[in-house]
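Contents: one structure, followed by commentary.
The numbers here are math on the coordinates, done by the rules we state, and not lab data. In this text the structure is predicted, and so the values were computed from the model without any measurement. Cβ sites come from the backbone with ideal geometry, for glycine too, and all protein chains shown count toward neighbours.
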Amino acid sequence: MGIYEILKSAHSGWRYLVIILLLIAFINALMGYFGNKPYTEGSRKLNVFALISAHIQLLLGLAIYFMHDWYKGDMSVGVQRYWKMEHISMMVIAIILITVGNARSKKRDSARLKHLTIFMYFGLALLIITAAILAMVKVDPSRHLFGM
Ligand code: HEM
């Protein structure tokens, strides 16, 4: 198993940690906002862990993207266009939303506004990541919704 296969498997498997942490952070923020709960140190750490996991996924993604020359894909071929453009752009937008959302939550004065900021930004990022993975399974039959 070469370094590319190791990084690709790591990227593929790390998706679960990113999605699970984002989902827990999103649900925590939603309950925090509607339940008028305090924004605890635990909430802050959870959001930071979700952020760090997404940044690690970005680094793994960038490594495999350039190691395998995915950027040379033929735009007229659906699956090549997906791996050249669509996956990277949708995932980078999602990771930017997670990063901005976490940074803005720090600047909010009240616990309620901090929770609101997190569930809006992380929620949108989750939607985009889900859409990107559903598009992946549709355009590339060799991929699975739950694969490794
Ligand atoms: C939260 C962000 C991300 C998630 C959840 C994610 C998820 C995935 C998944 C599920 C696969 C398919 C793996 C398989 O077939 O088993 C994949 C493959 C890939 N991802 Fe990502 N990805 C993310 C971010 C990125 C980023 C930012 C890049 C590029 C900069 C990237 C580049 C790639 C490439 C090139 C592949 C194809 C690898 C191959 O099959 O050889 N990913 N990603």
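Give me the count of lysine pairs in region 3-139 whose alpha carbons sit under 25 angstrom apart, restricted to pairs 8 or more positions apart or on different chains.
Count of close lysine pairs: 14.
How much FRET efficiency would the formula 1/(1 + (r/R0)^6) give for T40 and I96, where r is the Cβ-Cβ distance and R0 is 22 Å, rounded to 0.05?
0.25
Using only the Cα atoms of region 1-74, what do you get for the radius of gyration and for Dmax, in Å?
16.4, 51
Just want to confirm a number: the relative contact order over the chain, from Cα pairs under 8 angstrom separated by 6+ residues, in percent. Each step should come with its number before you reach the end.
On the way: 156 pairs, mean separation 45.9, N = 148.
Reported as a whole number, the value is 31 percent.
Note the angle between two axes, namely the Cα long axis of helix 87-107 and the longest principal axis of the Cα atoms of the chain, as a number of degrees from 0 to 90, rounded to the nearest 10.
Relative to the chain, helix 87-107 is tipped by roughly 20 degrees.
Quick check: the distance between the Cα centres of region 10-68 and region 113-131, to the nearest angstrom?
Centre-to-centre distance over Cα atoms comes out at 10 Å.
Compute from the Cα atoms of the chain the Rg and the Dmax, the latter being the longest Cα-Cα distance, and quote both in angstrom.
According to the Cα coordinates of the chain, Rg and Dmax are 16.7, 51 Å.
To test your reading of the geometry: what angle, between 0 and 90 degrees and rounded to tens, separates the Cα axis of helix 3-34 from the longest principal axis of the chain?
So the inclination is approximately 20 degrees.
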